[in-house]
Structure formats: C-alpha cells, structure tokens
Amino acid sequence: MNFEEAKDYLLKKARQMGIDAEVLAAESRELSLSAFGGRLEEITQATQGGIGVRVVVEGKVGYAYTEERTPEALDWVMQEAHENALLQSSGGGFIPAGSALGRHDLLGEGLSAPLEHKQAAALTVEATLRQDARVKQVPRTFYQERETQVVLGSTQGASGGYRTGVSVVMGMAILSDGGAPKQSWNVDFSREFHALEPGKTALDLIHNTARLLGARPLKTGKYRAYFEPKAFAQLLGVISFMFSAKNVLEGKSLLAGKVGERVASELVTVVDDPTLPGGIASRPFDAEGTPSRRLTLIEQGVLKSFAHNSETARQMGVEPTGNAQRSYKGVLGVGHSNLFLEPGSGVKLQEGVIVTEMMGLHAGANPISGDFSLQALGLKVEGGEVAYAVENFTVAGNLLSLLQSISAVGEGLEWEYWGMALGAPMVEVAELSFAGA
C-alpha cells in the first residue's frame, strides 16, 4: 500500500473497533555529498519513513507505529496502540475535529537539479576556500538535501498531505595569518537548489573568520552588546522553549502566567509564521491537522500567546495555534516553524562588543531558568567603529533580562535552520556581563 491507502485502511479499522484515531505518515529522502581534497569523499542516499497512529480508548491515549505497510503490520499497529491506551492511568484524551486540508506541494522543482550539479556545489565550496592563502585547513564541505512527504488523516475528519524539502551547502575552515588560528563554519539553505551560491557561501566564511584573526583578550566588565543575526538566532532557539504551552503546563517556562504582561523591551516582537512564503519550515497544517496561521508570541514587548496543540489549548481554555508537533514515531508535542524577531529601525554602533559567534549553547544556556554563560568570539567597537577582534571571554546573563534590555533592533532579517527556522536581525543590548581577562 502507499501512504494514502495505508491511512484509509487504518481509519477504517479504527471505525470498526469503535475508537477515535489519528494517522500520521511521513517519508523522507536524503542525499549527502561530502568533499575533501578536491574530490568527493562520500555520497550517501537514504529513504526512511513510516506510519504512526494515535488512538483514544475510553478517554485514554495510546500510540504505535510501523514502517511496513502490509495489512498484517497495520492490523498490528492498531492493536498495539489500543493496548497501549488501556495501559494509561489518566483519561481526558481526544482527537480534535478536523477538515479537508487538501494536497500541497511546497517544493515544486526545487531539488530537481542533476546529481553532478549538486556534487559541483560541494566541490565549489572547498575549491573557493582553498584559494585563500590564509585558509590552512578545510575539514569538511558538503551538500545535503531532504525531501519529505507527509500524509495526515483522522476519524474526526482531518485529511490532507504536503511535500516539502530543503537543500543545504556548508563549509568549515581554519584560517591563520601567522598568529593563533581561528576556525568557523558557514551554511546556506534554500528550498530551491538553484538559489544556493556555493562560492558566496565560501567567501562569506572566509570574511567572517578572517576578521577574527589577531584577536586580543577582552577585559572583564559590563559592555553594550551587539549580537549579530547568527548569534541572536542561536539565543532565540533557546528562548523558543519558553513559548511552548506544554513546557508552561509542566512548570518549565519562565513565562508561565505572564500572558498580557510586558516581558521584553517594546522593540521586541516575536512571530512564528508557518505561512511565510518560501519559509524553510513553512507548512499548510500542523501534526494534528490544524491549519497554519501566523502567531504573534510577543508584540512590542507584551506576551500575547503561547504555542499550542489541541491538548494544551484545551487545558488553558484557548484555541489551538497550529503548533502541534510529532513524528510518526513520537507522541504529541509543541513545536515551531519559522520563528523570528521582527526587524526594527536599525542599530548604530557606539561603544561595546559585537558578539559574532557563541559556543556550547546546549550546555551553557538553561531554557528553564533562563540563565546562560557562553564562550564567545567577537569584535571590540570603539568610537562607533570596529577596532579589533576579541577572544577568550564568556557572555552571561538571563534570557528574560536580555529581552528586556534590548535597546535597538536591526533592519535586516537573516535565517538559521535547526529543524525549525530561526530568523533575527542584529540586536543591541544596553548592558551585558562579559568575563574575560
């Protein structure tokens, strides 16, 4: 059976069993090309996928999945989900009302270029990097793509599907001009392979790394901080944890109970928009079939909403926001799509430190407490201009305090991709603690 047939088979089975069910099927095709030494070092292709069900039996929720689409496997998965539901101690579960969602192709011809063009992309990044005498090592360059197809249906009327995908080109390099070397990376991504510019990806990597050569230690103190878009997008990825209604209900968010309150500078507006045209993480509906819509989480500093699935929305007495997330193997959660800080009127350099890159984000930033202490690289700003590079310092504070201390927001929006897309302009923070020499 194909996924559509398997979905229909499972829903018919659920109705015969007299239970509510939701079926989520997904299949991903991946291609990875790695270049080293002027030749392709590795080529891998893989396809994986499966079909998962969520059932409600006597108010109890059960999950199961299979990667086979035979009648025997589908019969088993329904029985397994049924039994798993009966093992649960709590009730109150439900499958939300759904509707016809249509079939959507968000990818088009985006990844249809010949294989040799994709191989050339990985090789071009490496060749361009090696042309610069300051580049001492090129540990890795690669091209990757993923194409995903999703099919969803439920006994409550949800029915739809979509195809999406992403192409990525990336390089790493170690540069030195005789002093201490600096290592960094750069990545570019698009739904359209032909929109990638491998040569520019490499040149941007050289420029952004070379400016850090000859770095001096930074003296410990409080400075005005200028977070470059890449760096602030990293922080936004941690902050996103606080917007999840699931985390709020579990007591893991500093924003609990603060809807309608000012939680950030009035310059801060944070939006999650799965309808963004061309957005890497755009989608027509979420993992429960709730149609996608733009969601403003913080508006001019005021917390307006959390991100909800149907379960968290019911518990909080609000409408679902279209942020349900789960894989065919997983249970229901909350996730984001294209999450970004809206651009502002611009940042004018004065005195302080530009934070260009941060390391150890997962270990050094706690999304529950909001505290962070991160090793970073940067540039010292004096008299409104970049004076020299600085290193061997950490930047520390609390994420909520940082949001409240934002004193300017840049005009341009740049994106990072961590499964969800994270967008940020340059961000100025009035004062932040830096621990250095």
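The alpha carbon gyration tensor of region 185-262 gives principal lengths a ≥ b ≥ c with a/c of 1.5 or higher and a/b no greater than b/c, which makes the shape oblate. Label-to-label distance, ARG15 versus SER433, with points set 7 angstrom from Cα along the beta-carbon direction: 6.2 nm.
Annotation for LYS222 and ARG29: the two label points, set 7 Å from Cα along the Cα-Cβ direction, are 5.7 nm apart.
Expressed in units of 2.2 N^0.38 Å, where N is the residue count, the Cα radius of gyration of region 308-348 is 1.67. For region 276-309, list residues with backbone N below 19 Å from a point placed 7 Å from the Cα of VAL331 toward its Cβ? What the label zone holds, given the 19 Å backbone N cut-off, is 287-288, 308-309.
Rolling a 1.4 angstrom probe over the protein heavy atoms with all chains in place gives region 237-341 an accessible area of 37 Å² per residue. By the rule of a C-alpha distance below 16 Å, with chain neighbours fewer than 8 residues away ignored, the aspartates and glutamates paired with LYS380 are GLU228, GLU351, GLU357, GLU391, GLU428, GLU431. Computing FRET efficiency as 1/(1 + (r/R0)^6) for SER407 and GLU250, where r is the C-beta to C-beta distance and R0 is 35 Å, gives about 0.60. Stretching GLU72 away from ASN366 to a fully extended chain increases their span by 101.3 nm, per 0.36 nm per residue minus the current alpha-carbon distance. Dipole orientation for the chain: of the candidates PRO217, THR269, PRO96, PRO217 has the Cα lying most toward the positive pole (charges on Cβ; Lys, Arg +1; Asp, Glu -1). Computed in the context of the full set of protein chains, the accessible area of the chain at 1.4 Å probe radius has 48% of its extent on carbon or sulfur. Compared with the dominant principal axis of the Cα atoms in the chain, helix 71-86 is inclined by about 80°.
Between region 207-276 and region 400-414, the alpha-carbon centres lie 8 Å apart. Taking 0.36 nm per residue of separation and subtracting the current Cα-Cα distance, fully stretching the chain between SER112 and HIS207 would add 31.1 nm. Counting only Cβ charges, +1 for Lys and Arg and -1 for Asp and Glu, the dipole size of the chain around its Cα centre is about 600 debye. Taking every protein chain into account, the accessible area of region 1-131 amounts to 50 square angstrom per residue (probe 1.4 Å). Between SER373 and SER90, residue separation times 0.36 nm minus the direct Cα-Cα distance comes to 97.9 nm. Computing FRET efficiency as 1/(1 + (r/R0)^6) for GLU197 and SER99, where r is the C-beta to C-beta distance and R0 is 60 Å, gives about 0.90. Using only Cα atoms and rounding to the nearest 10 degrees, what angle (0 to 90) does helix 198-210 make with the longest principal axis of the chain? Taking Cα atoms only, the helix is inclined about 50 degrees. Over the chain, dividing the summed -39,500 (n - 2.57) contributions of all DSSP H runs of at least 4 residues by the number of residues returns a 222 nm mean residue ellipticity of -6500 deg cm²/dmol. Mind giving me the FRET efficiency for GLN79 and ARG293? R0 is 41 Å, r the Cβ-Cβ distance, nearest 0.05 is fine. Computed FRET efficiency for GLN79 and ARG293: 0.65.
The values are calculated or read from the model by the stated rules, or taken from the named source; none is laboratory data. Computed from a predicted model, the values in this text were never measured in an experiment. Using ideal geometry, Cβ is built from the backbone for each residue, glycine included, and neighbour counts are taken over all protein chains shown. All accessible areas refer to the heavy atoms of the entire protein, side chains included, with ligands and DNA or RNA removed. Shrake-Rupley method; radii C 1.70, N 1.55, O 1.52, S 1.80 Å.
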